1. If I filter segment 92-105 for residues that are without any contact (Cβ under 8 Å) to a residue 60 or more places away in the chain, surrounded by 14 or more Cβ atoms within 10 Å (Cβ to Cβ), under 17 Å from residue 59 (Cα atoms) and out of contact with any strand residue (DSSP E or B) (no Cβ under 6 Å at 6 or more places or on another chain), do I get at least one hit?
2. Restricting to segment 121-136, and then to whatever is touching a Lys or Arg at 6+ places or on another chain (Cβ under 9 Å) and part of a loop (DSSP other than H, G, I, E, B), can you tell me which residue is farthest from residue 60 (Cα to Cα)?
3. Out of 41, 70, report the one residue that is charged (D, E, K, R), modelled with pLDDT of 90 or more and at negative phi.
4. Residues being under 16 Å from residue 130 (Cβ atoms) and either without any contact (Cβ under 8 Å) to a residue 12 or more places away in the chain or among the hydroxyl-bearing types (Ser, Thr, Tyr) (or both): count how many of those fall in segment 67-91.
Amino acid sequence: MTGDDRLLADLGAAVTEAARVPESFRAAGRAAFAWRSVDAELATITEPAAALMRGSERVWTLRAGDVTIELEATDDALVGQVAPPGPGSIELTTRDGGTGTAVAAPVDELGWFALRPLPAGLFRLRLTRSIGSPVVTEWLTL
């Protein structure tokens, strides 16, 4: 092996070693990500039962501080309104065996939104508006 070949091999080994992320760094990143919504207010269901049944539809009223989210599951969507009204965005997160998938929708100036498709299994909502803290609901199910 020539001096140049040895130098290239040493450089290649150094780059490979530098590219590895220690498990302690990965664990710290996962822990930091878990705290991303610590400042969000938790919206809880205001009715004693988890949901009110109305025909084949389910209706929830969720509150966090002065924010109320009225949510209804129709045949093909979750529709709702936020009070007090105002624009923003709402994100639906599902729990897929430990991983989550998300669907987002805009909230219009009247507070209306629609999320499609209907979630299968557990889900929660995260409301973000330009004023106030984000609001995260407890886990719900259809």
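1. So far as segment 92-105 goes, no, none of its residues is without any contact (Cβ under 8 Å) to a residue 60 or more places away in the chain, surrounded by 14 or more Cβ atoms within 10 Å (Cβ to Cβ), under 17 Å from residue 59 (Cα atoms) and out of contact with any strand residue (DSSP E or B) (no Cβ under 6 Å at 6 or more places or on another chain).
2. 134
3. Unique residue meeting the criteria: 70.
4. Looking only at that region, the number is 1.
The values are calculated or read from the model by the stated rules, or taken from the named source; none is laboratory data. The structure displayed is predicted, hence computed values, not measured ones. All Cβ positions, glycine included, derive from the backbone under ideal geometry; neighbour counts span all protein chains shown.
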